[in-house]
Amino acid sequence: MNAPLTPRTATGAGVRADRVRVHFPTRAGTVKAVEDVSFDIHPGETFGLIGESGSGKTTLGRALAGLQPLTDGHLFYDGQAPSSLNRAQRRRQRRDHQIIFQDPHAALNPRMSIARSVMEPLDILGDGDRRQRRRVVDEALERVGLPAGIGRRYPHELSGGQKQRVNIARTLTLRPRFIVCDEVVAALDVSIRGAILNLFADLQDEFGITYAFITHDISVVSHVSDRVGVLYLGRLMEQGPAGAVCEQPLHPYTQALLSAEPLPCPATSVTTAAASACRAKSPARSIRRPAARSAPAARGRKRAAPSRRRNGGKWHQTIAWPAISPAPPEPPVFRTKQQNSRRAP
């Protein structure tokens, strides 16, 4: 039987990635979505992963949740590798490692009521009888701040924020110790993102959950994360404490990524320290901001050795970056109305 939603006596799970690689073979060649990525996530902390679109964040998150097989490398949960467990042990371990997907609309079956969707993991695992499962579902929905009786509704009757809360409640029914949050607030309105992020913080304080928080929003990851890793083209460019990475980045790509974030204060007459203080106090800090699509500041730089800096007892480090030859921009192509309407032969 699955126990009620009570805080765990132990802390969240510790996760370690050791030279993880995920490749996808195609007709044109091999796509190296994740290449030689290593990091540690300590129990009870939030590790943020940021990067532009196509950098391998979601693929790495799916691998951490056990949904994507590894091409090479190893993953360890509390010092145990899933490959060393038998089928029954791996099934028990998987309930401790869950994922919340980016799109709250696609994550719910439109033909199932909210109560049935939240109860589905318990039905699959066969925990308790139907009355006990219903009690766990009601407790989970209440814990995420949803009103009583919402279990009888269907997904099309809920707002985007309510659907995401339902997805969080469904994850909580298994009382996981490690949760991968894949762009959980990207599809939500700015007005309710703060409430969802506060909910994650409250659940971490109450249940001791460990998070891998994937996002391309620098303001969000700096607000919720203890440590941050920066991904680019499947590689981990830089990792360290959130404050050190966001305020004093070492890698040129991280500097270019942060430079693309608009400041709420005009930069014409504000110093760096004053702008940082203004940005920390601004209510627009939780608003999503676009990430950089390229690394112009990294182009043309010479290869440098890895850098390490000790910050408050924690290491802030980068990898060596190769020289990137600047590519000339392609000239824009302007078509006439006749050319656009002309059909291909």
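The values are calculated or read from the model by the stated rules, or taken from the named source; none is laboratory data. As the structure is a prediction and not an experimental result, all values here were calculated from the model. Cβ: placed from backbone, ideal geometry, glycine included. Neighbour counts: every protein chain shown. Note: accessible area is taken over every heavy atom of the protein model, side chains too, but ligands, DNA and RNA are not part of it. Shrake-Rupley method; radii C 1.70, N 1.55, O 1.52, S 1.80 Å.
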Is it the case that R92 is over 25 Å from the mean Cα position of the chain (by Cα), among the basic types (K, R) and either farther than 21 Å from R19 by Cα or part of a strand (DSSP E or B) (or both)? no
Might you check whether a residue that is open to solvent by less than 30 Å² (accessible area, probe 1.4 Å), at pLDDT below 85, farther than 29 Å from D217 by Cα and of a type outside the set (A, V, I, L, M) occurs anywhere in the stretch 61-79? no
I'd like to verify a number: residues in the stretch 49-60 that are buried (at least 17 other Cβ atoms within 10 Å of the Cβ) and more than 25 Å from Q89 (Cα to Cα), how many? 8
Identify the single condition in (1) farther than 30 Å from F76 by Cβ; (2) modelled with pLDDT under 85; (3) open to solvent by 60 Å² or more (accessible area, probe 1.4 Å) that G160 does not satisfy, given that it satisfies every other one. (3)
For the stretch 25-48, indicate whether the set of residues that are among the small types (G, A, S), open to solvent by less than 60 Å² (accessible area, probe 1.4 Å) and within 15 Å of the chain's Cα centre (by Cα) is non-empty. yes
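Filtering the stretch 248-275 down to residues that are of a type in the set (G, A, S) and at pLDDT below 65, which residue is surrounded by the fewest Cβ atoms within 10 Å (Cβ to Cβ)?
Looking only at the stretch 248-275, we keep the residues that are of a type in the set (G, A, S), and these are 256, 259-260, 267, 269, 273-275.
Narrowing the set further to residues that are at pLDDT below 65 leaves 267, 269, 273-275.
Working: A267: 10, S269: 7, A273: 9, A274: 11, A275: 15.
The qualifying residue surrounded by the fewest Cβ atoms within 10 Å (Cβ to Cβ) is S269.
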Which condition from (1) among the small types (G, A, S); (2) open to solvent by 10 Å² or more (accessible area, probe 1.4 Å); (3) in contact with a Phe, Trp or Tyr (Cβ under 8 Å, 6 or more places away or on another chain) is the one that A195 breaks? (3)
Taking the stretch 216-247 and keeping residues open to solvent by less than 10 Å² (accessible area, probe 1.4 Å) and either in a strand (DSSP E or B) or free of Cβ contacts under 8 Å to residues at least 40 places away in the same chain (or both) leaves V228, G229, V230, L231, E238, G240
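So if I check each of I209, I218, which one is modelled with pLDDT under 85 and among the hydrophobic types (A, V, I, L, M, F, W, C)?
Just a single option satisfies the conditions, and that option is I218.
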A81: over 18 Å from the mean Cα position of the chain (by Cα) and among the small types (G, A, S), yes or no? yes
Please specify each residue of the stretch 115-159 satisfying the condition of being part of a loop (DSSP other than H, G, I, E, B) and of a type in the set (A, V, I, L, M). V144, L146, A148, L158
Near pairs, Cβ below 8 angstrom, 6+ apart or cross-chain, from the stretch 181-206 (within 18 Å of D226 (Cβ to Cβ)) to any residue that is among the aromatic types (F, W, Y) and in a helix (DSSP H, G or I): C181/F200; V184/F200
Restricting the stretch 106-125 to residues that are surrounded by 15 or more Cβ atoms within 10 Å (Cβ to Cβ) and under 21 Å from the mean Cα position of the chain (by Cα), the one nearest to G149 (Cα to Cα) turns out to be L108
